[in-house]
Amino acid sequence: MPKELRGGYTTGACVAAGVKVAALYMQGSSSDFVEITALDGTKLHIPVKSIEPVGDGVQVEIVKYSGDDPDITNGTSILTTLTMDKSLTGLQLVAGQGVGRVTKPGLAVPPGEPAINPGPRALIRQSLQEVFGQIPGCRVQVDVPAGEELAKKTLNPVLGVLGGISIIGTTGVLRPMSEEAFKASLVPQISVAMAAGYKTQIFVPGKIGERVATSWGLPSAAMVQTSNFIGHMLEAAADCGLERVLLFGHIGKMAKVAAGVFHTHNRMGDGRMEAMAAYSAAAGMPPEGVREILAAVTTEEALPVIERYKLEDVYNTIAARASVRARRYVFEKMEIGTVMVTLKGKLLGMDDAARRMGEDFGWNIK
C-alpha cells in the first residue's frame, strides 16, 4: 500500500496564525499552538515558536511546515508583528525583511503593494475578525529573515517581485502536489508580460533558450519560462488571449514537441531521436545514417550524422513541425513559431512564423 503523503500549511497560513496569536496575546491569552480555519474549511493546528512584545506591538514566530511537499520554504521562520494604530482605518500590510514588493502590473496584487497574495490577505482578515469581531485600525508587518536568499530560487525576480519571497497560498492548506503547484507558479509570467505590452511572447523551456534569445537581443520582459510544461503553458497563453508565441529552445526539447510531446520531462515522454531519424529519412538519409541517429543517446550526438549527409535543412522541417503540433494543441487559437539551437547557442533551424516574430522584435542573430 502506498504511503499517505503528509500535508502542511502555506506561508499565508503562517502569517494568519501569527496574527491570531498576537491578537490573543493582547487580550491576555497565550498558547504553544493555535488553530485557524483555512479558506476551504480545513482546521489547521499550528505550533507557535515564540511570542514577544516588540515596541507597541507583538511579534510571533511560526515555522513553516510543508509536510511531504518539497517546498523551498519548509522550516523557514515567518515573523508576524501586529501593532494597533488608531490612525488607521482597518488593516495595513507591511513587507518587512525578506518579503517582496510587487513592481510590475499583471499579478493578483497591484504594483507598490507587499507581495502578500489574496488568499493570505483573506486569512489574515479572518484571524483578526475571529479575535476582535470588527477589524480595528492595525498594522501587520511580515518578516522572513531568509526570504531574500530564498527568492533567488523562485520566479519572483522574473515577475518583478523584488526584495524577497511572496506570501502565498490559495486556502492555507499545503497538499503534496508539487508539480501542480509549480505549474501554477509559472502561469503569472504570461500576465506580467502581457501587462508590459507583449502580445507576442517568447517561451523558453530552459536556460539554454533564454541565454541564446537574450544574446540575440530579444527582450527579457517578453520571455516566459515553461520548464517541462510546454503544453500547460501554451494552454494558459491561449486562455489569456495571447496572439503569438515563439518557442525558443534546445533541439532536444523542440524535437519532442515536433513528436507531439508537450510534457518534456524524460520520464513523461520522449521521441526526440525518432523525430530526428524520421525527418532525416524523409529528406533522403540512407538507412545506415538513420540507424546511427536512432542509436544516439542525445540529440547533440546525432548532429554530426546529419551534417555528414549534408541534410541540415531538416532542422527547419522539424521546427516547422513543432509549430504545427503546438498550434493543433491549442486548437489554432494562436500563431506559433519555433527556433531550435544547440547547447552552445548555434542556430539549427526555424520556421517562417518564427522568423517573422523575431524580425518584429528586431533580433540580431549571431
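Nothing in this text is a laboratory measurement; each read-out follows from the coordinates by a stated rule. Bear in mind that the values here come from a model prediction, so they are computed numbers and not experimental data. Using ideal geometry, Cβ is built from the backbone for each residue, glycine included, and neighbour counts are taken over all protein chains shown.
Figures for the structure shown
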quantity	calculated
Residue in region 321-331 that is surrounded by the most Cβ atoms within 10 Å (Cβ to Cβ), counting only those that are out of contact with any strand residue (DSSP E or B) (no Cβ under 6 Å at 6 or more places or on another chain) and farther than 16 Å from Asp239 by Cβ	Arg321
In region 247-286, residue surrounded by the most Cβ atoms within 10 Å (Cβ to Cβ) [restricted to those that are touching a Leu at 6+ places or on another chain (Cβ under 8 Å) and within 21 Å of Lys207 (Cβ to Cβ)]	Met254
Segments classed as helices (runs of 4 or more DSSP H), wholly inside region 249-304, with at least 3 members that are within 18 Å of Gly231 (Cα to Cα)	251-258
Qualifying residue in region 15-36 (condition: closer than 17 Å to Ala151 by Cβ and touching a residue at least 24 places away in the same chain (Cβ under 8 Å))	yes
Total residues in region 316-343, condition part of a loop (DSSP other than H, G, I, E, B) and out of contact with any helix residue (DSSP H, G or I) (no Cβ under 7 Å at 6 or more places or on another chain)	2
Selection within region 344-366 - touching a residue at least 40 places away in the same chain (Cβ under 8 Å) and assigned to a loop (DSSP other than H, G, I, E, B)	Gly345, Gly362, Trp363, Asn364, Ile365, Lys366
Top-ranked residue of region 332-347 - restricted to ones that are under 24 Å from the mean Cα position of the chain (by Cα) and within 18 Å of Ala259 (Cα to Cα), ranked as surrounded by the fewest Cβ atoms within 10 Å (Cβ to Cβ)	Val341
